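Student: This is the structure I want to talk about, given as structure tokens.
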Amino acid sequence: MYARRVIPDGANTRPVCGDRSVIPEFICSCILRYNLRLPITRQLGLFSMLGLWALLTLIGVFFAVWKGYGGHAFAATLTAFAFLFLVMLLFAARGMETILAARLGARAGYLLGGALFLVYLIYALGTNTFTLGRAATAAALVFVPLGIAASAER
């Protein structure tokens, strides 16, 4: 599946794959890529990624309900998971990191950190495991690295 047949190029005894000759790039582009007709970056677009997120989250919900899960703790856990899964998939979508960096600049990190802490609060309050010590620890784990990064000159 990953290997590609190498064809000698007439008088040139160096194998070629498509229009490329044997160089270190050959190894990456021909042997490791199983289909040269596909672009190198095969990322889904924003709306395709949102559809994938919705489908996978819905399948997970149906499976969990079928297994008998429910209640406030399950709803809080599902909300936290769905949000974190959404953020992960959105950053995997084509061009989203560039769009966020262009629109929000350095504020994007603070926004993401604040949203992450809010998700923790939703989970902790929904599952009745909230304590001030845990909330302070979560806040420190989220905001101390952001503060250190913000205080760096470059």
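Student: Looking at the stretch 78-112 only, could you name the residues that are of a type in the set (Gly, Ala, Ser) and more than 26 Å from Val65 (Cα to Cα)?
Tutor: Within the stretch 78-112, Ala92, Ala93, Gly95, Ala101, Ala102, Gly105, Ala106, Ala108, Gly109 meet the criteria.
Student: Which pairs turn up if I take residues in the stretch 105-127 that are among the small types (Gly, Ala, Ser) and look for partners that are open to solvent by less than 30 Å² (accessible area, probe 1.4 Å) with beta carbon separation below 7 Å, at least 6 apart in sequence or on another chain?
Tutor: Qualifying pairs under 7 Å: Gly113/Val142; Ala124/Ala135; Gly126/Ala76.
Student: Another question, if that's okay. Looking only at residues in the stretch 126-143 that are open to solvent by 80 Å² or more (accessible area, probe 1.4 Å) and part of a helix (DSSP H, G or I), which one is nearest to Gly114 (Cα to Cα)?
Tutor: Phe143
Student: Residue check, Met88 against (1) part of a helix (DSSP H, G or I); (2) in contact with a helix residue (DSSP H, G or I) (Cβ under 8 Å, 6 or more places away or on another chain), all met but one. Which one?
Tutor: It fails just one condition, (2).
The values are calculated or read from the model by the stated rules, or taken from the named source; none is laboratory data. This is a predicted model, so every value here is computed, not measured. Because the Cβ atoms are built from the backbone with ideal geometry, glycine has one as well, and the counts that use them run over all protein chains shown. These accessible areas exclude ligands, DNA and RNA; they are computed on the full protein's heavy atoms, side chains included. Shrake-Rupley method; radii C 1.70, N 1.55, O 1.52, S 1.80 Å.
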